[in-house]
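Asks: The following block contains the structure, expressed as structure tokens.
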Amino acid sequence: ESKRKASLLAVFDSGLNKDASAKLQIASRLESALNNDEFEMHYQAIVHSENHELHGMEALIRWPQSDGSFIAPDLFIPIAEQSSVINDISKWVLKQCRQDRQRLINAGMDVRIHINLSARDLQNQNVVKHMQQEFGQASSEAEKFVFEVTESAMMSNLELVKTNMMATSKLGFEFSVDDFGTGYSSLSLLRELPIHQIKIDRSFIMDMQNGNTEHSIVRSTIYLAHALDCSVVAEGVETNVASLELQNLGCDFQQGYYFSQALPIDKAITASLINAIS
Ligand code: C2E
Ligand code: CA
Ligand code: CA
Ligand code: CA
């Protein structure tokens, strides 16, 4: 019996080691991936609930591998967040998004770009300075960028985060609370910080059915957001039923596979042009 236990432990242990060494391997490759321009940005449409017209696009990072597969951002971003390499990734993302926004403008789509920021970006004075240098004071270009941040990212080191968010907001950038409802939401946080938008987490949208708890949460969140002068985006909209219900509830914007998945910039532009005609 003890023998079996020992071999079970060995299996368990080697599984853990495998996981840990895979993470270490990713961590060691992040910097060179950045220097070699291995990352790619994909863009997912955010549309008006009312008429499905394009409002903006969320930039989502991709890390293609030589064998044609991708390492998912859910896997490598948390690893990047363990060191300052995340700050360099965020700066790269911002640069890439500026270029791609120019291409959108050239195609007749002067839309907002949403960029995901990490807790470490919000806590880093240099990131704010970088934005200042890149965009200058309160530029009309900055107004076209929205930073998506989670509640937990804002809550760690609140005073510092608040200072940085205020300074960033003064430059013209807006903030959207990502994955709203999944963290420890605090109403005072919404009042204290310069927040312009709330993004309802897709878990609520996907489970929403008339009369259930998720439905009530979505309805109350839309009400709350509007009471705070914030707009609301629903993410993870996958069906016509969900889309229509969100429109009924007064949700301002929608995003999800029902409209489009995240696509490379050229395809995102083509898809949006086709949608605009049809
Ligand atoms: P997120 O910010 O919550 O992004 C939404 C995720 O939901 C994306 O996954 C998107 O592809 C996926 N999604 C969109 N519509 C639907 C839908 O209708 N149904 C379902 N089931 N999923 C949908 P993705 O691209 O794999 O990104 C995962 C997470 O990685 C993001 O979650 C974000 O936290 C992080 N991430 C992605 N790009 C970046 C980035 O450039 N910087 C940072 N710091 N984090 C990023
Ligand atoms: Ca997001
Ligand atoms: Ca989200
Ligand atoms: Ca998320």
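Asks: Across segment 153-198, what is the total count of residues that are farther than 20 Å from ALA142 by Cα and either crowded, with 20+ Cβ neighbours inside 10 Å or under 16 Å from the mean Cα position of the chain (by Cα) (or both)?
Replies: Qualifying residue count, segment 153-198: 7.
Asks: Quick one: in segment 166-199, which of the residues that are within 15 Å of ligand 3 (Cβ to nearest atom) and among the aromatic types (Phe, Trp, Tyr) is modelled with the lowest pLDDT?
Replies: Filtering first and then ranking leaves PHE180.
Asks: What residue, among those in segment 71-120 that are more than 16 Å from ligand 3 (Cβ to nearest atom), in a helix (DSSP H, G or I) and among the charged types (D, E, K, R), is surrounded by the most Cβ atoms within 10 Å (Cβ to Cβ)?
Replies: Only one residue tops the list, namely ARG101.
Asks: Okay, next question. Looking at this structure, is ALA142 more than 20 Å from LEU34 (Cβ to Cβ) and surrounded by 14 or more Cβ atoms within 10 Å (Cβ to Cβ)? Give the steps one after another, and end with the answer.
Replies: Working: more than 20 Å from LEU34 (Cβ to Cβ): yes; surrounded by 14 or more Cβ atoms within 10 Å (Cβ to Cβ): yes.
Considered against the rule, which asks whether it is more than 20 Å from LEU34 (Cβ to Cβ) and surrounded by 14 or more Cβ atoms within 10 Å (Cβ to Cβ), ALA142 comes out as yes.
Asks: Follow-up. Among all residue pairs at least 6 apart or on different chains, which show Cβ distances below 8 Å where the first residue, located in segment 180-192, is over 15 Å from GLU159 (Cβ atoms) and in a helix (DSSP H, G or I) and the second is within 16 Å of ligand 1 (Cβ to nearest atom) and hydrophobic (A, V, I, L, M, F, W, C)?
Replies: Within 8 Å, the pairs are LEU190/VAL177; LEU190/ILE198.
Asks: Regarding segment 34-48, can at least one residue be identified that is without any contact (Cβ under 8 Å) to a residue 60 or more places away in the chain, crowded, with 16+ Cβ neighbours inside 10 Å and within 16 Å of ligand 3 (Cβ to nearest atom)?
Replies: The answer is no, given that none of the residues of segment 34-48 is without any contact (Cβ under 8 Å) to a residue 60 or more places away in the chain, crowded, with 16+ Cβ neighbours inside 10 Å and within 16 Å of ligand 3 (Cβ to nearest atom).
Asks: Also, I was wondering about something else. Within segment 240-276, track down each residue that is within 17 Å of ASP110 (Cα to Cα) and either out of contact with any Ser or Thr (no Cβ under 9 Å at 6 or more places or on another chain) or surrounded by fewer than 13 Cβ atoms within 10 Å (Cβ to Cβ) (or both).
Replies: Across segment 240-276, the qualifying residues are ILE265, ASP266, LYS267, ILE269, THR270, LEU273, ILE274, ALA276.
Asks: Conditions first: (1) crowded, with 19+ Cβ neighbours inside 10 Å; (2) more than 17 Å from the chain's Cα centre (by Cα); (3) under 30 Å from GLY108 (Cβ atoms); (4) at pLDDT 95 or above. VAL232 passes all but one, so which condition is the exception?
Replies: Against the list (1) crowded, with 19+ Cβ neighbours inside 10 Å; (2) more than 17 Å from the chain's Cα centre (by Cα); (3) under 30 Å from GLY108 (Cβ atoms); (4) at pLDDT 95 or above, VAL232 comes up short only on (2).
The values are calculated or read from the model by the stated rules, or taken from the named source; none is laboratory data. Keep in mind it's a predicted model, so treat the numbers as computed, not measured. Reconstructed Cβ throughout: ideal geometry from the backbone, glycine too, with neighbour counts over all protein chains shown.
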